[in-house]
Amino acid sequence: MKKNKIKKGVLSGYSFLIYLFLYAPIIILIAYSFNDSKVNAVWKGFTLKWYGVLSQDIDILTALKNSLVVAFFSTVISTFVGTLAAVGMYKYKFKGKTVLDGLLYVPIIIPEIVMGISLLVFFSEAKVSLGIITLILAHVTFSISYVVVVIRAKLNGFDKSLEDAAMDLYANEFQTFSKVTLPIIAPAVAAGALMALTLSLDDVIISFFVSGPSYETLPLKIYSMVRVGVTPEINALSTVMIVITLSFAIISEIMQLKYRKD
């Protein structure tokens, strides 16, 4: 009994250290976003002025708007296409399915710099001007695979007899999908959409190659600012992004809990 308590205490302490290692930098970043000093190494007192400076920085606000526009359209497209692809590959058998299934994992495992260069070459050969269109297409390209993987994981435990029962009650294929299949896989669709949104908002390397000189996203703007030194304004911006990301995660969790209760 005593040995079990010791083991439990050691495991708890080890887990605490792991979480501390993971989250301590984030906590420090948030804390220094309220620092009155321009130097992060020195704490001079509590202030909200850096959030005021952030709200008046036109370049950052423009980059944020660009990122949100690209993330919105790439998330909608990748979620729609990824959902249909996952359901289609799960329900139907066709020639080349195994090869196509393997190709879906290429955007996940391939280095981002390789993908960024390949997309740049493709757009150059296709004579497509770099900008918002190329950014959206690039983000859709690497987001679809994640959406498909998440939804297919949900479909692996799907009970096909539910669809058969709906068909027996004279529901057509569209009605069966919209009223039976889609509500069941809805949490996975939401999870895939949130993953696609997060990946789009967070991407730097691929966006660097396909954005062009006239269209700058928020991660690229932050990267250019960090190269000359981290300022409290960047800490404030990072804190805002963390809050937004956590809000999406909490909303998703609430939706899933509500769906399970219903």
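The values are calculated or read from the model by the stated rules, or taken from the named source; none is laboratory data. Note that the coordinates shown come from a computational prediction; the quantities given were computed from them, not determined experimentally. No Cβ is skipped: glycine too gets one built from the backbone with ideal geometry, and neighbour counts run over all protein chains shown.
Within segment 130-141, is there a residue that is at pLDDT 85 or above, in contact with a Pro (Cβ under 8 Å, 6 or more places away or on another chain) and either closer than 18 Å to VAL76 by Cβ or surrounded by fewer than 18 Cβ atoms within 10 Å (Cβ to Cβ) (or both)? There is at least one residue in segment 130-141 that is at pLDDT 85 or above, in contact with a Pro (Cβ under 8 Å, 6 or more places away or on another chain) and either closer than 18 Å to VAL76 by Cβ or surrounded by fewer than 18 Cβ atoms within 10 Å (Cβ to Cβ) (or both). Taking only segment 142-179 into account, find how many residues are more than 26 Å from GLY116 (Cβ to Cβ) and of a type in the set (Phe, Trp, Tyr). Adding up the residues that qualify gives 4. Exactly one of these conditions fails for THR83: (1) of a type outside the set (Phe, Trp, Tyr); (2) in contact with an Asp or Glu (Cβ under 9 Å, 6 or more places away or on another chain); (3) crowded, with 18+ Cβ neighbours inside 10 Å. Give me its number. All conditions are met except number (2). Here the condition is being in a helix (DSSP H, G or I) and either within 23 Å of the chain's Cα centre (by Cα) or modelled with pLDDT of 85 or more (or both); of ALA166, ALA196, it holds for ALA196 alone. For segment 89-105, the set of residues classified as in a helix (DSSP H, G or I) and surrounded by fewer than 12 Cβ atoms within 10 Å (Cβ to Cβ) consists of THR98, VAL99, GLY102, LEU103, listed by residue number.
Taking segment 20-31 as the range and being exposed (fewer than 10 other Cβ atoms within 10 Å of the Cβ) and over 18 Å from THR245 (Cβ atoms) as the test, only PHE21 passes.
Screening VAL81 against (1) within 24 Å of ASP159 (Cα to Cα); (2) at pLDDT below 90 leaves a single unmet condition, (2).
If the condition is being assigned to a loop (DSSP other than H, G, I, E, B) and farther than 21 Å from MET195 by Cα, then segment 125-156 contributes ALA126, LYS127, VAL128, SER129, LEU130, GLY131.
Of everything in segment 203-235 that is touching a residue at least 60 places away in the same chain (Cβ under 8 Å), hydroxyl-bearing (Ser, Thr, Tyr) and more than 12 Å from VAL70 (Cβ to Cβ), the residue that is surrounded by the most Cβ atoms within 10 Å (Cβ to Cβ) is THR231. For segment 29-67, the set of residues classified as part of a loop (DSSP other than H, G, I, E, B) and among the β-branched types (Val, Ile, Thr) consists of VAL39, VAL42, THR47, listed by residue number.
Of everything listed in (1) within 30 Å of PHE174 (Cβ to Cβ); (2) surrounded by fewer than 13 Cβ atoms within 10 Å (Cβ to Cβ), the single unmet condition for SER74 is (2).
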